[in-house]
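Contents: one structure, followed by commentary.
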Amino acid sequence: MAGPPSRSTFPSGSGDPSSRRLGVGSGGRDRPLRAQIVVALVAVCILIAVPLYLLRRPGGKSAAVASASAALDAGKAPAVLGSAGTLVTPLDGGKPAERLRVAAVQHVRCGASANGGHEGNVCDSVPFFEEALSKAVRENPDCAPKANEQGTVNYVLTVDFKRKALHLFPGASGQWRGKQARRSINCVKRAFVSPDWSNTQHQYRFYTIAVLATYLPANGAAPGTATTPGAAPHNPLATPNFE
């Protein structure tokens, strides 16, 4: 006699209840859990990245300071931070206009007399007088004969070591000569320093050197306006023995 039919412990098509609770009863049920984990990781990254960006982002004033520093390094006028936080460039910014160009010192003549001897680069250098002449011209642009015109003055200096005498006069190669050039000469003389004749090395008695100065128009000068060269600041050590 056949025994009672065997009955399945669980209904067909159903899984283990504990497996269903853990979500492992089916391969497709773990996908929502993975998606939640990915979304949570992205949210954590955003929460960390946004505060770091806000902390490290340069503020308006910091950006203005950085821009001003870059402008100074480039030799430009720095912009100013306005009341609204914007950068404002000054109208009068930039470098001052160039007013004077001074060429290199030229060795004109050297020898035992004022008119004889050697010419040009054959002559040895007399550094003290070369520097004194170049500096006196370069540091006194107000000695220009005219403020609104471009022109040149050739400053020629003769040095007599035996008599310990100097003579400064306008050379023929300059565009300005005559009274205008002589006023510039007298202006530059005031800036000379007294030479130390005993400690100045030299090979000859007479030397003639020259510096060509190019004066450029000053900004703001009215067309056709002439000017008298201003006196250079008087140097208390100025040499008294100009001829």
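The values are calculated or read from the model by the stated rules, or taken from the named source; none is laboratory data. Source: prediction; values computed, not measured. Don't worry about glycine lacking a Cβ; one is built from the backbone with ideal geometry, like all the others, and counts go over all protein chains shown.
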Scan segment 143-162 residue by residue and report those that are among the polar types (S, T, N, Q) and either part of a loop (DSSP other than H, G, I, E, B) or not assigned by TED's automatic domain parsing to the domain that holds residue 209 (or both).
-> 148, 150
Could you tell me whether segment 50-70 includes any residue that is exposed (fewer than 10 other Cβ atoms within 10 Å of the Cβ) and at pLDDT 90 or above?
-> no
Can you spot a residue in segment 194-209 that is among the hydroxyl-bearing types (Ser, Thr, Tyr), at pLDDT 70 or above and within 33 Å of the chain's Cα centre (by Cα)?
-> no
Do we find that residue 233 is at pLDDT below 80 and crowded, with 17+ Cβ neighbours inside 10 Å in this structure?
-> no
Looking only at residues in segment 163-217 that are of a type in the set (Val, Ile, Thr) and part of a loop (DSSP other than H, G, I, E, B), which one is nearest to residue 116 (Cα to Cα)?
-> 200
Matching residues, segment 99-149, being within 24 Å of residue 204 (Cβ to Cβ) and among the acidic types (Asp, Glu) = 119, 124, 130, 131
Pick out the one residue from 213, 218 that is over 16 Å from residue 128 (Cβ atoms), among the small types (Gly, Ala, Ser), modelled with pLDDT of 90 or more and surrounded by 15 or more Cβ atoms within 10 Å (Cβ to Cβ).
-> 213
